[in-house]
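No lab work stands behind these numbers, since they all come straight from the coordinates. Model, not experiment: these values are computed from the prediction. Quick reminder, even Gly has a Cβ in these numbers, built from the backbone with ideal geometry, and neighbours come from all protein chains shown.
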Amino acid sequence: MVETRDVVILGSGPAGLTAAIYAARADLKPTVIKGIDAGGQLMLTTEVENFPGFAGGIMGPELMEAMEKQAARFDTELLHQEISRVDLSSRPFGLWSGDEEFRAQTLIITTGATARWLDVPGEQEFRGRGVSACATCDGFFFRDKRLLVIGGGDSAMEEATFLTKFASQVTVVHRRDEFRASKIMQDRVLANPKIDVIWNADVDEILGAEGAVTGARLRDTVTGEPQKVAVEGVFVAIGHTPNTSLFEGQLELSKGYIVVEEPSTRTSVPGVFAAGDVVDSTYRQAITAAGTGCRAALDAERFLEGEGH
Amino acid sequence: MANIGNVTDSEFQASVLGSDTPVLVDFWAEWCGPCHMVSPEVEAIGNETAGLEVAKMNVDENPDTTRKYGVLSIPSLILFKGGEEVARVVGARPKEAILKELQPHLA
């Protein structure tokens, strides 16, 4: 007989752990199934300067460790597992990690988003051999090398700035003639003598030889003119895709994101709530994820109360 | 089915390339967040899979092997069989996904 839990939370980024803190303090004894990307996207970042309360900034992984400790302090069960299948057709909901089954009266989905790839020739072939989506993981391997960073948002700016610690030269390639990143992040990039920018360019192909990246073929988005650049590494930072493949056909999705009844976190299935980047294609901040995680826990609590739990 | 623990540049030839059984090597570093997620998965695979050994290689301390196999992302898991690389899994992936990549190469 599989135990039925009141609240199961999928994911352990800011949304999931904030939901856990609130659910635990409501005495719902939540279970967090952390997932393989435990801690979420902040685990791949360095300094977080805009999370309120940390006047001097805090390292992303450190912030996540603190959130996890805070959740654990109030009787949260934290499981280092990844769910591979869900059944939301009847309650309690069924969740499986391999052969192991979990049952949940309410489910809070905070599975977040993962870095998107360019989907051009050479990219997957040279992944791990010069193509990367994680500067903090892989920057170390590119000491005194030339690098490309693809993208124009905050992630691209952060990666480019971080990579100048290792690389001899970092070139940011962006498909428009201005960045969409925040002003402070842009200014840092544009002022950095080790960084230059190629505007209005798309990547057509990642080039390589003998198992290593040697460059990229770009195309001007205005004139169509091709250009080859010689680099040893390509870091892709063009945005994120929500992690919702588990729920396809079971929850209402829009462009891959879980649809919720704003301002609540209720999904199309009663008893299933969603929060953080898996819902949000607009704000995508640690603090907004934490905020919606809090809402999801309160929604789940009210839902259980309404059923007389 | 075994976990041979940490291997170094100098042990790599004997422990991995010269092994009679296939060896899955987990290239990692202390400062790599996703590496800490994938290492327990690799250990579990080592404990549960017959005819496979697993080992860890710290890329900071073992630059020669890391460079030789062109490891430029971590975590990278490389399966060696008969002294040759036969499969590579890059990035943190759950146990089932890793096993799926290895299965065709395990007798």
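Ordered by the count of other Cβ atoms within 10 Å of each Cβ, fewest first, A:Tyr283, A:Tyr257 give A:Tyr283, A:Tyr257. Helical runs (DSSP H, four residues minimum) scored at -39500 (n - 2.57) apiece and divided by the length of the protein assembly as shown put the mean residue ellipticity at 222 nm at -7500 deg cm²/dmol. Averaged over peptide A:127-138, the number of partner chain Cβ atoms lying within 10 Å of each residue's Cβ comes to 6. Both radii are taken from the alpha-carbon atoms of the stretch B:2-106; with Rh as the Kirkwood radius, Rg/Rh is 0.91. Computed about the Cα centre, the dipole magnitude for the protein assembly as shown is approximately 660 debye when only Lys and Arg (+1) and Asp and Glu (-1) carry charge, each at its Cβ.
Ordering A:Thr4, A:Val231, A:Cys137 by Cα displacement along the dipole of the protein assembly as shown toward the positive end leaves A:Val231 in first place; charges were set at the Cβ atoms of Lys, Arg (+1) and Asp, Glu (-1). Extending 7 Å from Cα along the Cβ direction at B:Asp64 and again at A:Asp87 yields two label points whose distance is 5.5 nm.
Just checking the listed ones, A:Arg91, A:Arg146, A:Arg295: in the Gaussian network model of chain A with Cα springs under 10 Å, the one fluctuating most is A:Arg91. When the stretch B:2-106 is described by a simple charge dipole with +1 on each Lys and Arg Cβ and -1 on each Asp and Glu Cβ, the residue from B:Gly33, B:Pro75, B:Ile98 located farthest towards its positive end is B:Ile98. Take the residue pairs A:Lys29/A:Lys69; A:Lys69/B:Lys56; A:Lys194/B:Lys68 and return only those whose Cα atoms are more than 26 Å apart. Violating the 26 Å limit, Cα to Cα: A:Lys69/B:Lys56; A:Lys194/B:Lys68. So if we plug the beta-carbon distance of A:Glu248 and A:Val222 into 1/(1 + (r/R0)^6) with R0 = 30 Å, what FRET efficiency do we get, rounded to 0.05? The computed FRET efficiency comes out at 0.20. Measuring from centroid to centroid over Cα atoms, what is the spacing of the stretch B:14-88 and the stretch A:81-126 in Å? For the stretch B:14-88 versus the stretch A:81-126, the Cα centre distance is 26 Å.
Once the other residues with Cβ under 14 Å from the Cβ of A:Val269 are scored (Lys, Arg +1; Asp, Glu -1), what is the net sum? Result for the neighbourhood of A:Val269: -3. Placing unit charges on the Cβ atoms of the charged side chains and taking the dipole of the stretch A:22-118 about its Cα centre, the candidate lying farthest along the positive direction among A:Ala26, A:Thr111, A:Ser90 is A:Ser90.
Using a Gaussian network model of chain B in which every pair of alpha carbons under 10 angstrom is joined by a spring, one finds that among B:Val59, B:Val90, B:Val25 the greatest mean-square fluctuation is at B:Val90. Sorted ascending by nearby beta carbons within 10 Å, beginning with the fewest, A:Arg143, B:Arg93 become A:Arg143, B:Arg93.
Potential lengthening of the chain between A:Ala72 and A:Asn50 amounts to 5.5 nm, from the contour at 0.36 nm per residue minus the alpha-carbon distance.
Across the protein assembly as shown, Cα-Cα distances exceeding 29 Å account for 49% of all pairs. Residue exposure proxy: A:Met185, A:Met1, B:Met57, B:Met37, ordered by other Cβ atoms within 10 angstrom of their Cβ from fewest to most, comes out as A:Met1, A:Met185, B:Met37, B:Met57.
For chain A, taking a cut-off of 4.7 Å between Cβ atoms, the unpaired cysteines are A:Cys294. So what does log10 I(q)/I(0) come out to for the stretch A:82-186 at q = 0.11, 0.21 Å⁻¹, using the Debye formula with one equal point on every Cα and no solvent? Result of the Debye calculation: -0.55, -1.06.
Placing a label point 7 Å from the Cα of B:Thr21 along the Cα-to-Cβ direction, the residues of the stretch B:64-91 with a backbone N closer than 16 Å are B:79-83.
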